[in-house]
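Presented below is the structure to which this report refers.
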Amino acid sequence: MAHVRAPRWLMGLFLAAALASGTARAQEPIRIGFVTFLSGPAAGPFGVPARHAAEAIVESLNAGKAPAPHNTRGFGGRPVELVVIDEAGGTTKQVSEFRSLVERQNVDYVVGYISSGDCLAIAPVAEEMKKITVLFDCGTPRIFEDASYKYVFRTRPHATMDAVAAALYLLETRGGVKSYAGINQNYAWGQDSWSDFTMAMSVLKPDAKVTTSQMPKFGSGQYGAEISALIQSNSEVIHSSLWGGDLEAFMMQAGPRGLFKKSPLILVAGEPYLHRLGSAIPDGTIVGARGTNGVFAPDSPLNAWLHEVYRAKAGHDPTYPAYSAANAILGLKAAYEKAKVAKLQKAIPMGANKGVKEETEKAYASGPSDAELIAAFEGLIFSSPSGKMTMSLGKGHQAASGTAYGTTKLVNGKVTVTNIKRYPLEKVQPPEAVASADWIKGGMKPAK
Amino acid sequence: MNQVSAILIDGIIYSSWLFVIAVGLTLIYGVMKILNVAHGSLYALGAYAATAFGGYWMVQGYPPLGSYGMLVLAAIVVGLVAGPLIERGLLRLVYGKEEVVLVLVTYAVFLILEDLTKLAFGVDPLSIPEPYGLLGSIEVGDLIYPTYSLVVVLLSMVVGIGLALVLNRTRQGKILQAVIHDREMAAATGINVSRVYLVTFTIGTALAALGGALTAPTISVQPGIAAEVIVLAFAVVVIGGLGSLGGAALGAVIVGMVRAWAVHKWPEVELFSVYAVMAAVLIMRPKGLFAVPEARKI
């Protein structure tokens, strides 16, 4: 039988047309459970900005208004629908909520979780329920260093990067530092952040001494004694991973007491507060955004787009939780579309003679299976408003990227960030299969 | 300044703050035998009201010193509105039930107020920082303390001494004491117990709100502050003995001093220190240091 070879350009045309326009059968929305803090202390600085970002991004994606390479409507032509859930209430409640999202709300994918505790609790449940889950903002390295998951991905770098880059920046800008103190919340995030920072400092600057380590209770609110102890420690610099109301209360109470005149601050997660605290953040404060987010984000059409859609939704510029939400949704979209293209290519092998349109539509309508999406997500490199994200750690399930730190300077009553230094991912992240603590203790050798 | 002096000053400031936030709780328990879990929400409501009243005052460009009046006014308004509403609208219906039922009812009020606060004020943090720095600061050796902290210390003393005087030296105070000792006997002698309850709950609510209003200039007011405070307030009144004014004062001093010591000398145990003291006190005196003896009833 004579075969008529489908030309390469014709196949490309079908694939592009299928992805860009969609078909009637493909209009059923993809339901994504989006879990973020809507109440409690993390709602204001993190949870609600993430929700605003997720909603603004999904609306823009559904309208096909995002810039390339995310300019396809929705996910590969299918609209996306968010089911937003409050992350507050603790891990037990979150596990129940997760089960409800999967079993009752029938979501296709879950994107969520700011708290490291929630991420650690949800990951094994997601695996057990075989539901593709993208962790979007939690920082603990333990997710993929202590376990291996098939259905779980994290599209933001883990927190080791924040601590290591803080130490590198401190020594590049204040190389002669001989003493430092810390004030960090007494739970996983604060303890890990301080532990990684002191480990990195002990490797990079062994003669610098820790004067005091203050570990107030999360939500403490009153820091009078801690401020006195920090002042009396005569430290040259103070490391802090405080966030939310705790950070704001500390800044409000420490400023009038002259702490920052004596000891400048390193605020590992300080970026979301630049516009809120304004002049309460003293000049010379070292701030990070847990990645190249917010003021550290690269100039790009994607970053400009995020600013535009987020501003329209929230009324101010996006801070790093908005970038985390963007990374997760765009990462999932990129994986979905990559899987779909792969599926289409498989359905219509080169050399097919006829029925190309029918086969394309058939493959298109079903969308990628979970296995196909997982295969596409593992090791994926995708563009986001934070720059290029590489799913290179945790067997291809954990994102890695470079980061940046800068120093605050008040200009015309507005806090700006100057002296920005950028660190490539190999300088601040351990290589694949090396635990963060071991990598830091081993001298933080760049991955080959 | 040496470390011991710093511990003493930090301890006194923290104790004063603790006393203001806890005294309303112990007053309500003493008179009404209600462990008011909603106390934390009333504190939060006071803080939110302070940001609203104080913020309005500052935005209007009125003299900044007047913002202190706004903090107090916020506490009074919350007390006068929320107190009678909760007492008349809800608690009155469950008097005479077991204490655990009353705890559950006030817990429900706590949850309702948490959500109402979010509906009314949103989830974004609010602040009214001006009053904290307006009065300048005092240098004590190498440490600087805002004069505002001294104001909180003085105010807590005024509240404590004022309440003690009212309870012990006035006719209204003696009526209150009669109700504390035996509600039924007090009612039998013609005391309007229902009115006493209303007044007590309103004052207790205003004191909780005053705690919140005084704290507002030093923190970022946002969802979640209620839960943090209620735990501390419980620790203070349990150490002192539920229902005892002197006990609340002593409990606040003990907790404040122990915490200040831990922060300066052994920061790793700061989180644990307050509860270790509470456990130690309860092992030795299960009803707290100043527990009010209960009259035997036949």
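For segment A:41-52, does any single residue satisfy the condition of being away from every other protein chain (no Cβ under 14 Å) and crowded, with 19+ Cβ neighbours inside 10 Å?
For segment A:41-52, residues away from every other protein chain (no Cβ under 14 Å) and crowded, with 19+ Cβ neighbours inside 10 Å: absent.
Is it the case that some residue within segment B:193-204 is at the interface with chain A (Cβ under 9 Å from one of its Cβ atoms), surrounded by fewer than 24 Cβ atoms within 10 Å (Cβ to Cβ) and touching a residue at least 40 places away in the same chain (Cβ under 8 Å)?
Taking every residue of segment B:193-204 in turn, none turns out to be at the interface with chain A (Cβ under 9 Å from one of its Cβ atoms), surrounded by fewer than 24 Cβ atoms within 10 Å (Cβ to Cβ) and touching a residue at least 40 places away in the same chain (Cβ under 8 Å).
Report the residue count in segment B:21-45 for those that are away from chain A (no Cβ under 14 Å) and small (Gly, Ala, Ser).
Residues meeting the conditions: 3.
What's the total number of residues in segment B:114-125 that are closer than 20 Å to residue B:230 by Cα and either touching a Cys at 6+ places or on another chain (Cβ under 9 Å) or more than 9 Å from chain A (Cβ to nearest Cβ) (or both)?
Number of matching residues: 2.
Do you know which of the residues in segment A:208-222 that are more than 7 Å from chain B (Cβ to nearest Cβ) and modelled with pLDDT of 95 or more is surrounded by the fewest Cβ atoms within 10 Å (Cβ to Cβ)?
Residue satisfying both the conditions and the ranking: A:209.
Name every residue in segment B:98-156 that is of a type in the set (A, V, I, L, M, F, W, C), over 25 Å from residue B:50 (Cβ atoms) and not in a helix (DSSP H, G or I), in order of residue number.
Those that are of a type in the set (A, V, I, L, M, F, W, C), over 25 Å from residue B:50 (Cβ atoms) and not in a helix (DSSP H, G or I): B:140, B:143.
Within segment B:213-224, does at least one residue satisfy the condition of being within 12 Å of chain A (Cβ to nearest Cβ), more than 21 Å from residue B:46 (Cα to Cα), buried (at least 18 other Cβ atoms within 10 Å of the Cβ) and of a type outside the set (A, V, I, L, M, F, W, C)?
no
Residues to consider are A:254, A:225, A:229, A:249; find the one that is in contact (Cβ under 8 Å) with a residue 12 or more places away in the chain and touching a His at 6+ places or on another chain (Cβ under 9 Å).
On inspection, the qualifying residue turns out to be A:229.
Considering only segment B:1-20, state which residues are at the interface with chain A (Cβ under 7 Å from one of its Cβ atoms) and of a type outside the set (D, E, K, R).
Within segment B:1-20, B:3, B:6, B:13, B:14, B:17 qualify.
Select from segment A:223-261 the residues that are part of a loop (DSSP other than H, G, I, E, B) and farther than 22 Å from residue A:272 by Cα and write down the one among them that is nearest to the other protein chains (Cβ to nearest Cβ).
Among them, the one singled out is A:258.
Which condition number in (1) of a type in the set (Asp, Glu); (2) surrounded by 14 or more Cβ atoms within 10 Å (Cβ to Cβ); (3) away from chain A (no Cβ under 13 Å) is the one that residue B:130 fails?
(3)
Give just the number: which of (1) at pLDDT below 95; (2) buried (at least 24 other Cβ atoms within 10 Å of the Cβ); (3) part of a helix (DSSP H, G or I); (4) in contact with an Asp or Glu (Cβ under 7 Å, 6 or more places away or on another chain) does residue A:324 not satisfy?
Failed condition: (1).
Which residue pairs have Cβ atoms closer than 8 Å, lie 6 or more positions apart in sequence or on different chains, and pair a first residue in segment A:200-218 that is among the basic types (Lys, Arg) with a second residue that is in a strand (DSSP E or B)?
A:209/A:179; A:209/A:180
Can you report the number of residues in segment A:136-161 which are without any contact (Cβ under 8 Å) to a residue 40 or more places away in the chain and not in a loop (DSSP other than H, G, I, E, B)?
The qualifying residues number 1.
Which one of these does residue A:247 not meet: (1) over 19 Å from the mean Cα position of the chain (by Cα); (2) more than 27 Å from residue B:232 (Cβ to Cβ)?
So residue A:247 meets the others, but not (2).
Let's see how each residue does on (1) under 17 Å from residue B:219 (Cα atoms); (2) in contact with a helix residue (DSSP H, G or I) (Cβ under 6 Å, 6 or more places away or on another chain); (3) modelled with pLDDT under 90:
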position: B:104; (1), (2), (3): no, no, no
position: B:125; (1), (2), (3): yes, yes, yes
position: B:179; (1), (2), (3): no, yes, yes
position: B:184; (1), (2), (3): no, no, yes
position: B:194; (1), (2), (3): no, no, no
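Step by step: first the residues of segment A:393-448, then only those that are part of a helix (DSSP H, G or I) and acidic (Asp, Glu), then the one that is nearest to residue A:277 (Cα to Cα). Which residue is that?
Taking the candidates together, the pick is A:426.
Quick one: count up the residues across segment A:72-128 that are of a type in the set (Val, Ile, Thr) and either closer than 13 Å to residue A:29 by Cβ or outside any helix (DSSP H, G or I) (or both).
So the count comes out to 9.
Take the residues in segment B:258-275 that are free of Cβ contacts under 8 Å to residues at least 12 places away in the same chain and more than 9 Å from chain A (Cβ to nearest Cβ), then tell me which one is nearest to residue B:22 (Cα to Cα).
B:272
Quick check on segment A:278-288. Is at least one of its residues out of contact with any Pro (no Cβ under 6 Å at 6 or more places or on another chain), within 20 Å of residue A:55 (Cα to Cα) and small (Gly, Ala, Ser)?
Checked segment A:278-288: no residue is out of contact with any Pro (no Cβ under 6 Å at 6 or more places or on another chain), within 20 Å of residue A:55 (Cα to Cα) and small (Gly, Ala, Ser).
Considering only residues of segment B:239-257 that are among the β-branched types (Val, Ile, Thr) and surrounded by 21 or more Cβ atoms within 10 Å (Cβ to Cβ), which is nearest to the other protein chains (Cβ to nearest Cβ)?
By that ranking, first place goes to B:255.
Give the residue that is surrounded by the most Cβ atoms within 10 Å (Cβ to Cβ), with candidates limited to residues of segment A:138-177 that are over 29 Å from residue A:249 (Cβ atoms) and basic (Lys, Arg).
Here the answer is A:154.
So that you can scan it fast, the table gives a plain yes or no per residue for (1) among the aromatic types (Phe, Trp, Tyr); (2) closer than 23 Å to residue B:235 by Cβ:
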position: B:16; (1), (2): no, yes
position: B:25; (1), (2): no, yes
position: B:33; (1), (2): no, yes
position: B:57; (1), (2): yes, no
position: B:65; (1), (2): no, no
position: B:86; (1), (2): no, no
position: B:107; (1), (2): yes, yes
position: B:110; (1), (2): yes, yes
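The values are calculated or read from the model by the stated rules, or taken from the named source; none is laboratory data. Being a predicted model, the structure only gives us computed values, none of them experimental. Cβ: placed from backbone, ideal geometry, glycine included. Neighbour counts: every protein chain shown.
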